[in-house]
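Values in this text are rule-based calculations from the coordinates and carry no lab data. As the structure is a prediction and not an experimental result, all values here were calculated from the model. Here the Cβ positions follow ideal geometry from the backbone for every residue, glycine too, while neighbour counts run over all protein chains shown.
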Amino acid sequence: MAQLWGGRFTGETDQMVYEFNASITFDKRLYRQDIEGSVAHVKMLGKQGILTEQETDAIVACLGEISADVEEGRLEITPEYEDIHSFVEANLIKRLGDTGKKLHTGRSRNDQVALDMRLYCRQEVAETDALLKGLLTTILAIMEAHTETIMPGFTHLQKAQPVTLAHHMGAYFEMFKRDRQRLSDICERMNYCPLGSGALAGTTYPLDRQYTAELLGFYGPTLNSMDGVSDRDYLIEFLSACATIMMHLSRFSEEIIIWNSNEYQFVEIDDAFSTGSSIMPQKKNPDIAELVRGKTGRVYGALMSLLVTMKGIPLAYNKDMQEDKELAFDAMDTVKRCIALFDGMLSTITFRKDRMRASAALGFTNATDAADYLVNHGVPFRDAHGIVGRIVLFCIEKGIAIDEMSLAELKAISPVFDQDLYEAVSMETCVNKRLTIGAPGKEAMEAVIAAERDYLKHHPAISVSRRGDGGQPQIL
Ligand code: ARG
């Protein structure tokens with residue numbers, strides 16, 4: 001056991017207590033952030049004359065070596081340390097002796113862990129955003145290729161009106177675009193540095209918090225030290241954005257599963273993204289889509305868990321907050337994997353245009369347009385609705401589509417019908433006459449595609465740059 005706080009204690013910590021209390025098994029993944037934060041802290045202490053130049057240089061260099069040793073597998077992060085902060089500090093002291101003992105001047109593990117989680121979260125937001133951008137690029141390519149691929153649009157999972165595959169995909173483009181916007185909004189609020197908040201009440205050392213914040217690429221320091229150590233809003237917001245991303249992926253997965261079924265056959269998932277059955281040789285299952293849909297639950301769970309953990313915590317830091325990590329890490333990993341896999345599945349999927357078109361043509365998806373035809377010939381809409389309802393009944397009995405009725409049969413139900421009805425209810429007309437902004441008509445769709453292309457061009461993935469790697473700290 002390697003603890004930082006032995007002085008006040010005379011007895012040994014019970015082994016079970018030690019293990020229950022320790023976080024090293026899961027916060028070890030914060031080692032990069034922990035070292036990066038320590039380097040900035042020490043540089044600031046040096047600039048303020050709290051550490052000498054030699055001390056500063058020695059600690060910074062040694063932290064760099066520890067980092068490289070961990071990175072290259074020469075130094076293992078083992079459970080004998082309570083947490084990642086203890087691990088780094090203990091190793092620094094092992095290597096530097098008394099100088100290493102100065103690292104923690106003017107700092108608490110409370111502001112340290114608050115910083116580490118923010119740095120980690122910021123990186124995760126950027127990586128998630130980059131993956132979403134990749135997925136949007138895939139979706140846009142499908143939209144570009146399928147402005148004329150007619151398929152049924154559904155409400156209540158009943159065929160409703162014809163749309164195009166481009167249009168259907170465009171709905172998901174909007175969803176994932178909003179997800180990206182949420183991520184960049186979160187960065188705006190998250191990007192303030194809690195380091196320097198101390199345990200809860202700041203410190204008597206003349207820390208330059210502005211400088212530390214700048215070194216780490218933050219907009220500035222947080223403005224209340226009690227809030228600085230106990231705020232996890234940014235994580236709740238991120239998990240909430242993750243939950244929404246998963247909800248979108250899950251809906252999309254559900255559609256892929258339906259479209260891939262024998263009954264629909266709108267798509268065929270590539271062999272690389274499907275799995276077989278151990279007993280039924282004919283099976284090719286959409287397991288990836290099912291798993292994405294399934295994993296949505298655990299991401300929701302992480303959000304709910306953190307909300308509940310936080311709800312009763314008095315100011316400022318309390319150990320409950322250590323529970324912010326395991327589920328959040330799992331949720332972040334899950335979301336990234338799901339986006340990447342879904343993108344791979346979508347970019348290799350085959351769309352069965354013939355099946356989609358046939359399905360649209362057979363489902364009375366042009367019934368609204370038949371009613372509109374009557375309205376355009378002076379029939380009040382409610383009457384037109386009734387007439388077309390009777391037509392649909394007639395067709396169902398005969399097992400035919402509206403445009404397979406003879407003109408005589410149509411006229412027997414309403415004399416208003418004429419030869420031009422056939423053109424008016426063709427799938428192409430039904431789709432391409434819908435030209436309001438956001439509708440599936442080819443021209444309307446092409447305008448949207450141009451706008452989405454422009455959006456992708458002007459919204460590069462979020463990147464975090466720090467002082468020293470060129471320019472002002474910023475989050476794009
Ligand atoms: N492992 C702790 C956490 O994750 C670090 C902060 C510990 N602070 C303390 N006063 N014990 O929250």
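Summary table below
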read-out	value
Estimated translational D of the stretch 114-192 in µm²/s (Stokes, Kirkwood radius over Cα pairs; 4 °C; 1.567 mPa s)	89 µm²/s
Estimated dipole of the stretch 141-198 in Debye, rounded to 20 [Cβ of Lys and Arg +1, of Asp and Glu -1, Cα centre]	180 debye
Distant alpha-carbon pairs in the chain (separation over 32 angstrom), percent	55 percent
Degrees between helix 233-260 axis and first principal axis of the chain (Cα, 0 to 90, nearest 10)	30 degrees
Against the rule of thumb 2.2 N^0.38 Å, how large the Cα Rg of the stretch 164-206 comes out	2.22
237, 76, 148 arranged by Cβ crowding within 10 Å, fewest neighbours leading	76, 148, 237
The stretch 129-171 - percent relative contact order, Cα under 8 Å, separation 6 or more	39 percent
Inter-probe distance in nm under a simple model that places probes 7 Å from Cα toward Cβ, at residue 171 and residue 262	2.7 nm
The stretch 393-446 - Debye-derived log10 I(q)/I(0), Cα point model, q = 0.19, 0.29 Å⁻¹	-0.72, -1.05
Spherically averaged projected area of the stretch 245-340 from its Cα convex hull (nm²)	8.0 nm²
Centre separation in Å (Cα based) which lies between the stretch 391-454 and the stretch 181-214	59 Å
Set of lysines near residue 411 by C-alpha distance (under 19 Å), chain-local residues within fewer than 8 positions excluded	398
Nonlocal amide H pairs with residue 151, under 5 Å, H built at 1.01 Å	163, 164, 165
Angstrom value of the Kirkwood radius, inverse mean 1/r, which spans all Cα pairs in the stretch 282-321	12.8 Å
Inverse mean reciprocal Cα-Cα distance (Kirkwood Rh) of the stretch 327-388, Å	15.8 Å
FRET efficiency for residue 400 and residue 446, using Cβ-Cβ distance with R0 set to 30 Å, rounded to 0.05	0.35
Cβ-derived FRET efficiency at R0 56 Å, residue 337 paired with residue 47, nearest 0.05	0.85
Sites residue 8 and residue 127 - FRET efficiency at Förster radius 35 Å, r taken between beta-carbons, to 0.05	0.25
Karplus (6.51, -1.76, 1.60) ³J(HN,Hα), θ = phi - 60°, over the stretch 73-78, in Hz, Gly and Pro reported as x	x, 7, 10, 9, 8, 10
Computed lengthening from residue 291 to residue 330, 0.36 nm per intervening residue step minus Cα-Cα distance	12.5 nm
